[in-house]
Amino acid sequence: MAQQTLQATIESSVTLAGMGLHTGNDVSVTFRPAPPDTGIIFVRSDLEGQPEIKADIENVLDIDRGTTIGSNGARVTTVEHLLAALSGLGIDNVYVELDSPEPPVGDGSAMPFVEVLLKVGKKEQEAPRRYLEVDETITWTDPERGVDLVILPSDEFRITFMVDYQNPALGTQYTSMYGLEEEFVDEFAASRTFCFLSEVEEMSERGLIKGGNIDNAVVIIDHDVSDEAK
């Protein structure tokens, strides 16, 4: 049985500006406090009627090179680092106002969002936090992509993750997290977006990474580069 805790929002509004990774658009994102049981609501302030999009699995539209969610005729792309920051800090209820379809990329990690949220602080609310309790083993696999997911019942929060792209330039990567509150900010929030050099041209041809550069992504060189290319 999960230990009962209270929901939380932020103490006051805070804004972060920058550039979108894939769109290359200048954008500002403003986090605003929200009442209990609101959840995380994206607000597209640049669109007529300021449509809202709830951060919910039912609203996921695409996971190719970033997570895109949408509803009410609007969408927001590349939300994974922003959502990681909110989840890692235990913030349940917040309005996320955007004036572009993509949050700022910052340095390619969740840390810029973490830093501005820590500045304003977290505020507990008079409402119990709701939990999804896992009481039996759940497995999911995607043979085509080589992805396996196993969820096990546990009295403690723990994530074990292994990735192997079958590329000798990177090798096998492995990590474990034993608790968001204890480890997220110091151990995981600074983890940055990465790609292989061989993928850059393909993504550029697809109209992606318009705002990508060596300051907001890690590019792993996985083939020989000529002096001319350098």
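The values are calculated or read from the model by the stated rules, or taken from the named source; none is laboratory data. Note that the structure is predicted; figures quoted are calculated from it, not measured. Positions of Cβ are generated from backbone atoms using ideal geometry, with glycine treated the same way; all protein chains shown enter the neighbour counts.
Points to keep in mind about this one:
- Selected residue [modelled with pLDDT of 95 or more and either of a type in the set (S, T, Y) or under 29 Å from E181 (Cα atoms) (or both)] from L21, L86, L61, L47: L86
- Of everything listed in (1) surrounded by fewer than 16 Cβ atoms within 10 Å (Cβ to Cβ); (2) under 19 Å from the mean Cα position of the chain (by Cα); (3) on the phi > 0 side of the Ramachandran plot, the single unmet condition for G106 is (1).
- Qualifying residue in the stretch 33-51 (condition: among the basic types (K, R) and more than 30 Å from E156 (Cα to Cα)): yes
- For T30, the requirement of being crowded, with 16+ Cβ neighbours inside 10 Å, under 30 Å from R158 (Cβ atoms) and touching a Leu at 6+ places or on another chain (Cβ under 9 Å) is not met.
- S13 surrounded by 14 or more Cβ atoms within 10 Å (Cβ to Cβ) and within 21 Å of the chain's Cα centre (by Cα): no
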